[in-house]
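Chemist: A single structure is presented below for examination.
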Amino acid sequence: MVDLKLGKLPDRTPVKLSVTITPDLQAGLQAYAVLYAETYGVEEPVAELIPAMLSTFLESDRGFARSREASARRAK
């Protein structure tokens, strides 16, 4: 077998998730989308921004990252 630098790609099958949010959160998300469009010159629907926002949040949560790393070590 050839040793490639690029490992096998993870499952990228989209998962649909439905949530209910408060009116205040909806207003905040809409305001964020407006600021995003002003900043980057591209309008993106809130539904397109939310997955990126959640990923950024999870990646920046150091306590969560440490917990996941510890869980992965225990699973080996």
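Every read-out reported here was derived from the displayed coordinates using simple, explicitly stated rules and does not represent laboratory data. Keep in mind the model is a prediction, meaning the values are calculated, not measured. Because the Cβ atoms are built from the backbone with ideal geometry, glycine has one as well, and the counts that use them run over all protein chains shown.
Chemist: Could you list, in sequence order, the residues of segment 1-51 that are of a type in the set (Phe, Trp, Tyr) and exposed (fewer than 10 other Cβ atoms within 10 Å of the Cβ)?
Modeler: Across segment 1-51, the qualifying residue is only TYR40.
Chemist: Which pairs turn up if I take residues in segment 16-33 that are in contact (Cβ under 8 Å) with a residue 40 or more places away in the chain and look for partners that are surrounded by 11 or more Cβ atoms within 10 Å (Cβ to Cβ) and part of a helix (DSSP H, G or I) with beta carbon separation below 8 Å, at least 6 apart in sequence or on another chain?
Modeler: The qualifying pairs do not exist here.
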